[in-house]
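Chemist: I'd like to ask some things about the structure below.
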Amino acid sequence: MTAPLLMFHDLADYYDGFLAEKDYRGEAQYLERIVRRYGRSGGNAWLDVGCGTGRHLAHLRRSFEVVGVDASSQMLRVARRRLPGVRLVRGDMRSFRLRERFDVVSCLFGAIGHVSPEREVRAALANFARHLRPGGVALVEPWIDPSDFRPGFVHLMTGEDRGVQLVRLSYSTCRGNHTVIRSHYLVGRPRAGVQHLQETDDSGLLLSHDRIEQLLERAGLRPRFLARGLSTGRGLFLGVKPA
């Protein structure tokens, strides 16, 4: 599941510790292959929306001129340490405005699912399309499909970051067409003890694959769903802007 909102703020410094096993390099290589196959804009400018701590950008920058956008100043602070010289902008995916256009706009790890209600998803996708060059590709990793969501699911994550021990235990239910994820965190620091944090995240909007494709079309993009996605196993949507 997408990393919860608390990790974008209070636990930003330990975000990567929770996701130590995520294959960012392999995912970046797979995304590059998709872009090479479907992109028709002829350039190499890549915008990652919801870039977080910049782990994908760290690999993509080897082949592309990259820019990142994220709503969290704390996550961007971590990303700037990782990506000196890369332009990183604080902004809302629904409303940010950059002067340049890109050959790729990506929004990964289910971040689009945290935009709600549906009209705000439409605004975000339209904004992605606005920032694409003709022939460019939008890559959107979805939140959970309604048919795949399991109410009552309990999920445990553990990790370590620079000697700090990390635990997250979450419980998922739903309210209407939103997921509700209640999470407890334990952060164990040497000589400082164990800190307990908790949150309830009810922002995950459940949209079917068919509806996402309709919204991509409405944004002026030609949609396609790839069943093989990234590590979440939820597939990947791409939308090509007509050349």
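Chemist: Taking the Cα centre of region 153-205 as the origin, how large is its charge dipole in debye, to the nearest 20, when only Lys and Arg (+1) and Asp and Glu (-1) carry charge on their Cβ atoms?
Modeler: Dipole about the Cα centre, nearest 20: 160 debye.
Chemist: While we're here: Relative to the longest principal axis of the C-alpha atoms of the chain, give the angle of the C-alpha long axis of helix 24-38, reported between 0 and 90° and rounded to the nearest 10°.
Modeler: Taking the Cα atoms of the chain, the angle to 24-38 is about 20 degrees.
Chemist: Please say if region 52-101 is rounded, prolate or oblate, where rounded means a/c under 1.5 for a ≥ b ≥ c the square roots of the C-alpha gyration tensor eigenvalues, and otherwise the choice is prolate for a/b larger than b/c and oblate otherwise?
Modeler: Verdict is oblate for region 52-101.
Chemist: May I ask you to derive the relative contact order of region 153-205, considering only C-alpha pairs under 8 Å and at least 6 residues apart, and to give it as an integer percent?
Modeler: 30 percent
Chemist: Taking 0.36 nm per residue of separation and subtracting the Cα-Cα distance, what length does fully extending Gln214 through Ser73 add?
Modeler: The Gln214-Ser73 span can extend by a further 47.5 nm.
Chemist: Now, a different point. Can you give me the Cα centroid spacing of region 14-28 and region 177-203 in angstrom?
Modeler: 19 Å
Chemist: Going by how many other beta carbons lie within 10 Å of each one, how would you line up Arg55, Arg77, fewest first?
Modeler: Fewest-to-most ranking of Arg55, Arg77: Arg77, Arg55.
Chemist: Fewest Cβ neighbours within 10 Å first, please rank Val115, Val180, Val78 accordingly.
Modeler: Val180, Val78, Val115
Chemist: Tally the DSSP beta bridges in the chain and give the antiparallel ones as a percent, rounded to 5.
Modeler: Looking only at bridges with both residues in the chain, the antiparallel portion is about 70 percent.
Chemist: How would you rank Met157, Met75, going from fewest to most other Cβ atoms within 10 Å of each one's own Cβ?
Modeler: With the fewest neighbours first, Met157, Met75 line up as Met157, Met75.
Chemist: Follow-up question, since we're still on this one. Would you mind checking which residues have amide H under 5 Å from Gly110's amide H? H placed 1.01 Å from N; only 5 or more apart, or other chain.
Modeler: Glu141
Chemist: Additional query: Taking the simple approach of a point 7 Å from Cα along Cα-to-Cβ for both Arg182 and Asp202, what is their distance in nm?
Modeler: 1.2 nm
Chemist: On to the next question. Once you put a point 7 Å from the Cα of Val154 and another 7 Å from the Cα of Ala123, both along the Cβ direction, what distance in nm separates them?
Modeler: Using points 7 Å along Cα→Cβ, the separation is 3.9 nm.
Computed from the coordinates by the stated procedures, all read-outs in this text should not be read as laboratory data. Given the structure is predicted, the values throughout are model-derived calculations rather than measurements. Neighbour counts run over all protein chains shown; Cβ positions are idealised from the backbone, glycine included.
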